[in-house]
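Each remark here refers to the structure printed beneath this line.
The values are calculated or read from the model by the stated rules, or taken from the named source; none is laboratory data. The structure displayed is predicted, hence computed values, not measured ones. We place every Cβ from the backbone using ideal geometry, glycine too, and count neighbours over all the protein chains shown. Quick note on the areas: whole protein, heavy atoms, side chains included, nothing else; ligands and nucleic acids left out. Shrake-Rupley method; radii C 1.70, N 1.55, O 1.52, S 1.80 Å.
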Amino acid sequence: MSILNADLHCHSVVSDGTLTPEELAARAAANGVELWALTDHDETGGQQRARAAAHANGMKYLTGTEISVTFASQTVHIVGLGFDAEDPRMLQGLVATRGGRGARAMEMSDELAKVGIVNAYEGALRYVGNPELISRTHFARYLVECGACKDTNEVFRRFLTEGKPGFVPHRWASLRDAVQWISAAGGVAVIAHPARYKFSANEEYALFSEFKAHGGRGVEVITGSHTAAEYVKYGETAREFGLAASRGSDFHSPGESHTDLGRLPYLPGALTPVWELLADRIQ
Ligand code: AMP
Ligand code: MN
Ligand code: MN
Ligand code: MN
């Protein structure tokens, strides 16, 4: 059934969101979400709390995470849904993916100091809820606080994206590993917000082909980071590659995210919803 208010992508303080799993669950339920997943970056530490809070708020729950992957020299995000959150290989893979964030953050801080923004590491740390998960988002919040930029979008545009003074390239998980960790743990791997990558048509084709070859089964079509035209484009891509479609706000914070939990269009009826592949994994 496509007419379901499923929100299968958002972040808590366990990664780079600003709300707790409990606050997110209450907000999602208040917005009419029926099926929910918390998908913290490279982390499953919030899963038990999220599931309990989903049930307390009358929602069904799917386990979730969003794994950082390096593909064709760019960062791609792979959402995992419905996997066993205790699976040892998955947990090990996520620990390995998180490792290196601390050293990268210190390098980012050194680079920012060269353009006059000092103590950014210490500043970013004050926004971090999980010491293993310091992210560019935490730096962005500190750069707004210290007056370097007016909002986090401006921080990314001027400082934290490729070619800008605070950007430090990082090697994440491989596409193959991420898809296999999720699949072997009984879940479904989903390409997150495909329109956000700066790939050529050939590179994008390679991403979808390789993803599918490794066992990937879904793609986000309706996401807070797609335009209406991109819903159409990636709906067609889903059909071309025989992938199920997912829907998620990618909500991070009330002040920052323009799409609130559950507040986005339903999936187009012609697509297979990813939750149909996960019927026996819904809790
Ligand atoms: P990291 O995993 O540390 O590289 O940080 C990536 C996170 O930064 C993403 O999950 C988003 O939350 C955020 N982000 C990336 N690009 C942008 C952007 N252009 N504007 C705002 N937030 C962004
Ligand atoms: Mn994020
Ligand atoms: Mn993402
Ligand atoms: Mn996300």
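What are the residues in the range 224-283 that are under 16 Å from residue 82 (Cα atoms) and within 15 Å of ligand 3 (Cβ to nearest atom), if any?
246, 247, 248
For residues that are within 14 Å of residue 142 (Cβ to Cβ) and not in a helix (DSSP H, G or I), tally how many sit in the range 92-105.
Within the range 92-105, the subset within 14 Å of residue 142 (Cβ to Cβ) is 105.
So of that shortlist, the ones also not in a helix (DSSP H, G or I) come out as none.
Residues in the range 92-105 being within 14 Å of residue 142 (Cβ to Cβ) and not in a helix (DSSP H, G or I): 0 in total.
For residue 14, work out the one condition from (1) more than 16 Å from ligand 3 (Cβ to nearest atom); (2) open to solvent by 10 Å² or more (accessible area, probe 1.4 Å) it doesn't fulfil.
(1)
So the check is Cβ under 7 Å with 6+ separation or different chains; which pairs have a first residue in the range 56-72 that's in a loop (DSSP other than H, G, I, E, B) and a second one that's open to solvent by 50 Å² or more (accessible area, probe 1.4 Å)?
59/34; 62/281; 62/282; 72/203
Consider residue 89 against the criteria (1) farther than 24 Å from residue 214 by Cα; (2) assigned to a helix (DSSP H, G or I): it satisfies all of them except one. Which criterion is unmet?
So the condition that residue 89 fails would be (1).
For the range 106-207, list the helices (runs of 4 or more DSSP H) that sit wholly inside it and hold at least 1 residues that are open to solvent by less than 70 Å² (accessible area, probe 1.4 Å), in the same structural domain as residue 225 (by TED's automatic domain parsing) and in contact with a His (Cβ under 7 Å, 6 or more places away or on another chain); which are they?
Qualifying helices (runs of 4 or more DSSP H): 175-184.
So residue 220 ticks every box in (1) farther than 16 Å from residue 72 by Cβ; (2) in a helix (DSSP H, G or I); (3) under 17 Å from the mean Cα position of the chain (by Cα); (4) not β-branched (Val, Ile, Thr) but one. Which box is left unticked?
Here residue 220 clears every test but (2).
Only one of these conditions is not met by residue 93: (1) touching a residue at least 60 places away in the same chain (Cβ under 8 Å); (2) in the same structural domain as residue 24 (by TED's automatic domain parsing); (3) over 20 Å from the mean Cα position of the chain (by Cα). Which number is it?
(3)
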